[in-house]
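What follows is a set of notes on a single structure, which appears directly below.
We did not get these values from a lab; they are worked out from the coordinates using the rules stated. In this text the structure is predicted, and so the values were computed from the model without any measurement. Glycine also receives a Cβ, built like all others from the backbone with ideal geometry; neighbour counts cover every protein chain displayed.
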Amino acid sequence: MKLKLLYTYLAFTGLAATAFAQENVDQAAVDKIREEGLNHSKVMETAFYLTDVAGPRLANSPGLKKAQAWAVNQLKTWGMVNSKLEPWGKFGKGWEVQKNYAAITVPYYHAIIAIPKAWTPSTNGAIKSEVVLIKADTVTDLNKYKGKLAGKIVIFDTQAKLASGIKADLSRYTDEDLDKMAAATMAPAGPRRAFDANSPQFAARRKMMAMRATISKFLLDEKVSLILSQGRGNYGTTFTTNGASYADTAKAVAPELETSGEDYLRILRLVKAGQRVEMEADIKTQFITDDLQGYNVVAEIPGTDKKLKQQVIMIGGHLDSWHGATGATDNAAGSAVMMEAMRILKAINFKPKRTIRIALWSSEEQGLFGSRGYVAAHFGDPKTMELKPEQKNLDAYYNLDNGTGKIRGIYLQGDSAAGPIFKAWLAPFKDLGATTVTISNTGGTDHQSFDAVGLPGFQFIQDGMDYNTRTHHSNQDTYDRLSEDDLKQAATIIASFVYNTSERKDMIPRKALPTPPPAAPAR
């Protein structure tokens, strides 16, 4: 169903003439953007190529490289300039799943839901073996298994139980939720907490990690065929993680499957009851080591104003994903929306005063590596706050990375001076549900890389939908989980924000530069 281009002209007009009088909004330009974005969208076509065609896009995997190459070419086709892959530094090994089959064969046949943990190796071809329960809280506990695990499939005990009952897991912000966000105040900055490597919490975590490493090495030395671990999730949804490091120097580990809660607990109950359980599996994964560098996709619409074209507006989202599905809501949605925003601006033949640059980041899932590398190369070092000349010319960065939900507003990330500006820019989209401006911060994605060096970096408020409950890093994160109307709305609003930022007389106000964090004490 197409969204209709609603001309709900400012009942806001009086509002725009008073509270927002200092911030002009070109309604004719907004109308052009709305018409193109809502009624001639290509956002779902773009999302199709980034998901169904490219496949899973784990960092440095063939799927990510395929999506990156397609995005570079598509941005060129739409008329962007300087469309390219830009290296940001060394990442490590790529990895992909080429075959994944596992099933119980005794006491009966049942194919299980299971996903190889990222960066874990293949089984030695097809295997068939008994499942053995491992109970080990200390290194000494492992001794009883020595010499008994070669060729076995191992499982660990757990007290975990799956919640019963089905609840609706798709949500949108209510008016009350948005009112609370809009009414938020900026909390005073507290003292920076010193890192304490000797704290009980850190000591307990260090002990747990050491025990995991010991068990991992023990099982590898004992030549187990396969490890089963319980994946988070229920009702067939399984959330994926990594089982080994992506570093080219990483130590070897045994093959490991992250298994759905239902299948894992069934196998565990049978084994604990003394029932013999046998399984067969054939897992084939591949490590890619020919190029350990990480890359971002970048492209531009060049500025045309003689004085302002050296100033840059950036938009972006991360293109990499996890491997259990095709990374639709995390974050092909954000990448497709940002590409669509660029397409909209070219389609209406916009000649911006300032340069507009899109960046599709890589390795966000491992620690915002793509955007951090880009910021370090172009703008400065957040550890020392030594800034580069380009830093003064970055007007604003807008990010999208919270799923498929429509935009409901924007987080100011503490930049209170930008609030009245963004309220004016959102006013023409009240009929599309986007009204809220909150002083609050939000974390966990690439706008933080810009904020860390004093740049105006913003993430939009989005309806949650089933992002945190069903799709985020799971085997359910597929194209069919995308909301077409919501993505059209998001691309339209972002294109309008970019238009307004480009044409504005002044740059977006900045917060005070952050102070460099204190150096960590020597260990």
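Inspect all residues belonging to the stretch 506-520 and state whether any of them is free of Cβ contacts under 8 Å to residues at least 24 places away in the same chain and out of contact with any Ser or Thr (no Cβ under 8 Å at 6 or more places or on another chain). Looking through the stretch 506-520, at least one residue is free of Cβ contacts under 8 Å to residues at least 24 places away in the same chain and out of contact with any Ser or Thr (no Cβ under 8 Å at 6 or more places or on another chain). Here is a check on your reading of the model: is Thr105 touching a strand residue (DSSP E or B) at 6+ places or on another chain (Cβ under 6 Å), buried (at least 16 other Cβ atoms within 10 Å of the Cβ) and in contact (Cβ under 8 Å) with a residue 12 or more places away in the chain? Taking the combined requirement at face value, the residue does not satisfy it. Comparison of Lys152, Lys135 shows that the only residue that is of a type outside the set (S, T, N, Q) and without any contact (Cβ under 8 Å) to a residue 60 or more places away in the chain is Lys135.
Scan the stretch 458-476 residue by residue and report those that are surrounded by 22 or more Cβ atoms within 10 Å (Cβ to Cβ) and in a helix (DSSP H, G or I). Hits for the stretch 458-476 are Tyr467, Thr471. The single condition among (1) aromatic (Phe, Trp, Tyr); (2) buried (at least 22 other Cβ atoms within 10 Å of the Cβ); (3) within 23 Å of the chain's Cα centre (by Cα); (4) more than 28 Å from Glu386 (Cα to Cα) that Tyr479 does not satisfy is (2).
Within the stretch 137-168, can you find the residues that are surrounded by 10 or more Cβ atoms within 10 Å (Cβ to Cβ) and part of a loop (DSSP other than H, G, I, E, B)? First the steps, then the outcome.
Here is the first cut: in the stretch 137-168, the ones surrounded by 10 or more Cβ atoms within 10 Å (Cβ to Cβ) are 139, 141-146, 149-158, 160, 162.
Selection gives Val139, Lys146, Leu149, Ala150, Gly151, Lys152, Asp157, Thr158, Ala160, Leu162.
Of all the criteria given as (1) over 21 Å from Lys99 (Cα atoms); (2) surrounded by fewer than 21 Cβ atoms within 10 Å (Cβ to Cβ), the one not satisfied by Ala252 is (1). With respect to the conditions (1) within 18 Å of the chain's Cα centre (by Cα); (2) of a type in the set (Gly, Ala, Ser); (3) surrounded by fewer than 18 Cβ atoms within 10 Å (Cβ to Cβ), Ala490 lacks only one, and its number is (3). The single condition from (1) more than 22 Å from Arg357 (Cβ to Cβ); (2) in contact with a Pro (Cβ under 9 Å, 6 or more places away or on another chain) that Arg470 fails is (2).
Inspect all residues belonging to the stretch 447-457 and state whether any of them is within 30 Å of Lys307 (Cα to Cα), in contact (Cβ under 8 Å) with a residue 12 or more places away in the chain, among the acidic types (Asp, Glu) and surrounded by 18 or more Cβ atoms within 10 Å (Cβ to Cβ). Yes, some residue in the stretch 447-457 is within 30 Å of Lys307 (Cα to Cα), in contact (Cβ under 8 Å) with a residue 12 or more places away in the chain, among the acidic types (Asp, Glu) and surrounded by 18 or more Cβ atoms within 10 Å (Cβ to Cβ).
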